[in-house]
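> Just dropping this structure here.
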Amino acid sequence: MSDLTLPKPSKSWTRAARAAGVTAGYPFFALGCCVLAVLLAVSPLLVSRPTQRRILARRLAHHFARLFIWVTNRAALTDVRFEPLPPVEGTLLVANHPTLMDAIWLIARLPSAVCVLKADLERFRVLRFLVNRLGYLSNADPEKVLASACARLAAGETLLMFPEGTRTTPGAPLAFSTGAAEIALRSGAAVQTLVLHTRGTYLSKARPWWYFPDERIFWQLQSGPRFAPRTPAPAGSLKDQRAARRAYTAELQRVIQTALARAGHNGTN
Amino acid sequence: MMTDAQEKLKRILVEEFEIDAGLIRPDAHLLDDLDIDSIDAVDILARLRELTGKSLPSEALRSVRTVGDVIALLDGD
């Protein structure tokens, strides 16, 4: 596909500067994660109540994400932007997943969101520790994640999910799995869609993570349509429940796909 | 010869998920051949617990890919 061929290099000096910036960016990020992990490791000494500790953990992660964006935006490596969002407390947030950094960048705007992350990430020990301390959920066990996600929403927390389950394949249409819709139906939570716009394919599945961008990495959060709580299909009829969650999934996928197509930033240009 | 549990699994797939009985073979892949995704599998597991009285652990779903895997799960418990 033509859009996946490597772009022509820009002026060599900007390219070199960018390469240096990106090279510095990853260790900076890794170091940040480790500092965060250390802070969270000692937090039980300072804060005794687990719920308070979790709030503190999320606040620290939120500020770290903001600092990270501030630095990379200032260094002209990234152009991360946030459009205004309606109040999202207590909703299920459903987003597309174009880049490696989506969760981190979203935390910078959504301090209290509980992320539902893919189980693969638990391979990384520091990350596993952070996920645990932040009170995030892993999708390793679908039955358990459904139950805990609903419990979190019932307790008034805000949940963030990427129904694609992995990053979008650039150029391909979105392919949502049904978990998010099922959680929305079971919990009776409202759904706020989030549309993540990108240009180019840096940090996407189509590139190795270490590939140097030729231009500033553009990423923008836009709020998409909101869905009021829905009545689930009657319990007992697996067929109806399945039809309901598939229809809801298709609807969520369609509104996000439409918003991406309208902006023309669907990661393919 | 089908065991009682296998019979129940087949009935759930045919009656509740409207899957053609001919497609339900041990080597049938749940997602690719039968369009059963992970959330459908959670529902099937819950239904199997109700019908068989077995305490099928949810972690077992992680390694389930085919109809044969579900049968092994039912027979193994």
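The values are calculated or read from the model by the stated rules, or taken from the named source; none is laboratory data. Everything quoted here is computed from the prediction, not taken from an experiment. All Cβ positions, even for glycine, are placed from backbone atoms using ideal geometry, and neighbour counts span all protein chains on display.
> Just give me the residues in the stretch A:199-227 being farther than 30 Å from A:GLY90 by Cβ, assigned to a strand (DSSP E or B) and of a type in the set (S, T, N, Q), in sequence order.
Residues satisfying the conditions do not exist here.
> Next question. In the stretch A:123-143, how many are out of contact with any Ser or Thr (no Cβ under 6 Å at 6 or more places or on another chain) and within 14 Å of another protein chain (Cβ to nearest Cβ)? Outline the logic, then answer.
The first filter runs over the stretch A:123-143 and keeps only residues out of contact with any Ser or Thr (no Cβ under 6 Å at 6 or more places or on another chain), leaving A:123-136, A:138-140.
Applying the additional criterion that residues be within 14 Å of another protein chain (Cβ to nearest Cβ) yields A:138-140.
Total satisfying the criteria: 3.
> Which one of the conditions (1) part of a helix (DSSP H, G or I); (2) in contact with a strand residue (DSSP E or B) (Cβ under 7 Å, 6 or more places away or on another chain) does A:LEU146 fail to meet, given that it meets all the rest?
Among (1) part of a helix (DSSP H, G or I); (2) in contact with a strand residue (DSSP E or B) (Cβ under 7 Å, 6 or more places away or on another chain), A:LEU146 violates only (2).
> Looking for whichever is within 15 Å of A:GLU182 (Cβ to Cβ), in contact (Cβ under 8 Å) with a residue 40 or more places away in the chain and part of a loop (DSSP other than H, G, I, E, B) here; the options are A:PRO111, A:PRO84, A:PRO163. Which one fits?
Values: A:PRO111 fails: within 15 Å of A:GLU182 (Cβ to Cβ); A:PRO84 fails: within 15 Å of A:GLU182 (Cβ to Cβ).
It is A:PRO163.
> Looking only at the stretch B:30-47, count every residue that is over 12 Å from A:LEU146 (Cα atoms), touching a helix residue (DSSP H, G or I) at 6+ places or on another chain (Cβ under 7 Å) and hydrophobic (A, V, I, L, M, F, W, C) and tell me the total.
6
> Test A:LEU196 against the criterion of being within 14 Å of the chain's Cα centre (by Cα), farther than 23 Å from A:ASN132 by Cα, at pLDDT 95 or above and surrounded by 23 or more Cβ atoms within 10 Å (Cβ to Cβ), and give yes or no. Quick ask: steps written out before the conclusion?
Details: within 14 Å of the chain's Cα centre (by Cα): yes; farther than 23 Å from A:ASN132 by Cα: yes; at pLDDT 95 or above: yes; surrounded by 23 or more Cβ atoms within 10 Å (Cβ to Cβ): yes.
When the stated conditions are applied, A:LEU196 passes them.
> Considering only residues that are within 19 Å of the chain's Cα centre (by Cα) and touching a residue at least 40 places away in the same chain (Cβ under 8 Å), look in the stretch A:249-264 and name the one that is nearest to the other protein chains (Cβ to nearest Cβ).
Per the stated criteria, the residue is A:THR249.
> Taking A:PRO98 as meeting all but one of (1) surrounded by fewer than 21 Cβ atoms within 10 Å (Cβ to Cβ); (2) of a type outside the set (Asp, Glu); (3) at pLDDT 90 or above; (4) not in a strand (DSSP E or B), write down the number of the exception.
In the conditions (1) surrounded by fewer than 21 Cβ atoms within 10 Å (Cβ to Cβ); (2) of a type outside the set (Asp, Glu); (3) at pLDDT 90 or above; (4) not in a strand (DSSP E or B), A:PRO98 misses (1) alone.
> May I pose another question? Return the pair list, or none, for Cβ contacts closer than 6 Å from residues in the stretch A:173-186 that are more than 7 Å from chain B (Cβ to nearest Cβ) and under 18 Å from A:SER138 (Cα atoms) to residues that are of a type in the set (Lys, Arg) and crowded, with 20+ Cβ neighbours inside 10 Å, at least 6 apart or on different chains.
A:ALA181/A:ARG245
> Just to be sure I understand, how many residues within the stretch B:48-69 are part of a helix (DSSP H, G or I), touching a helix residue (DSSP H, G or I) at 6+ places or on another chain (Cβ under 9 Å), modelled with pLDDT of 90 or more and away from every other protein chain (no Cβ under 14 Å)? Quick ask: steps written out before the conclusion?
Kept after step one, since they are part of a helix (DSSP H, G or I), are these residues of the stretch B:48-69: B:48-52, B:58-63, B:67-69.
Remaining after also requiring touching a helix residue (DSSP H, G or I) at 6+ places or on another chain (Cβ under 9 Å): B:48, B:51-52, B:58-63, B:67, B:69.
With the extra rule that they be modelled with pLDDT of 90 or more, the set shrinks to B:48, B:67, B:69.
Next cut, away from every other protein chain (no Cβ under 14 Å) only: B:67, B:69.
Residues in the stretch B:48-69 being part of a helix (DSSP H, G or I), touching a helix residue (DSSP H, G or I) at 6+ places or on another chain (Cβ under 9 Å), modelled with pLDDT of 90 or more and away from every other protein chain (no Cβ under 14 Å): 2 in total.
> How many residues does the stretch B:5-30 contain that are within 14 Å of chain A (Cβ to nearest Cβ), in contact (Cβ under 8 Å) with a residue 12 or more places away in the chain and of a type in the set (A, V, I, L, M, F, W, C)? Step through it out loud before you land on a result.
Let us first name the residues in the stretch B:5-30 that are within 14 Å of chain A (Cβ to nearest Cβ), namely B:8-9, B:11-19, B:30.
Cutting the leftovers down to in contact (Cβ under 8 Å) with a residue 12 or more places away in the chain gives us B:8-9, B:12-13, B:16-17, B:19, B:30.
Narrowing further to those that are of a type in the set (A, V, I, L, M, F, W, C): B:9, B:12-13, B:17, B:19, B:30.
Result for the stretch B:5-30: 6.
> For B:ILE39, work out the one condition from (1) more than 10 Å from chain A (Cβ to nearest Cβ); (2) surrounded by 15 or more Cβ atoms within 10 Å (Cβ to Cβ) it doesn't fulfil.
(1)
> Which members of the stretch A:201-248 meet the condition of being among the basic types (Lys, Arg), free of Cβ contacts under 8 Å to residues at least 12 places away in the same chain and away from every other protein chain (no Cβ under 14 Å)?
A:ARG207
> Determine whether A:LEU153 is more than 12 Å from chain B (Cβ to nearest Cβ) and part of a strand (DSSP E or B).
Working: more than 12 Å from chain B (Cβ to nearest Cβ): yes; part of a strand (DSSP E or B): no.
Spelling it out, it is not the case that A:LEU153 is more than 12 Å from chain B (Cβ to nearest Cβ) and part of a strand (DSSP E or B).
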